[in-house]
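Visitor: Handing you this structure, nothing more for now.
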């Protein structure tokens, strides 16, 4: 059992979860699937995965950040990669603080995810850019920061940002990538 590679895929899109699962099974992993925090907790009752791929935005009551926190609390040695179509600096920082080893924006393939598991330690070789951040990027990151704080509750996020809910919904419709 020590050499067995158990991976938990936390994804509410069943088709994507199946595709990822099959791809990782071909690479020698045993895969498990959960679509919510409750399902993650149920899996953790009987298994201790060494690897996890967690979608940031899950349908239902909890975000993927809650799943990252539960996985890390269960076994701090679990390598967790957060995979999201809603990438922002705020959610990346929170994911790492809660125990994720890497944070990838969709679309990412199996090679990207496996490379993220292998690249756990930080590096000083990352190229720094002199490009300044645009106002739109700053606005988008602030929206995502508040979205993460409110558990992806659009009404509460709009209230905290001081904007109408429909305005926020329109902005999100322009940017949503899943």
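The values are calculated or read from the model by the stated rules, or taken from the named source; none is laboratory data. Computed from a prediction, not measured in an experiment: that's the story for all the values here. Don't worry about glycine lacking a Cβ; one is built from the backbone with ideal geometry, like all the others, and counts go over all protein chains shown.
Visitor: Say whether the condition of being modelled with pLDDT under 85, closer than 21 Å to residue 34 by Cα and outside the structural domain of residue 171 (by TED's automatic domain parsing) is met by at least one residue in region 121-140.
Guide: For region 121-140, residues modelled with pLDDT under 85, closer than 21 Å to residue 34 by Cα and outside the structural domain of residue 171 (by TED's automatic domain parsing): absent.
Visitor: From 90, 76, 105, 95, which residue is surrounded by fewer than 18 Cβ atoms within 10 Å (Cβ to Cβ) and under 16 Å from residue 152 (Cβ atoms)?
Guide: 90
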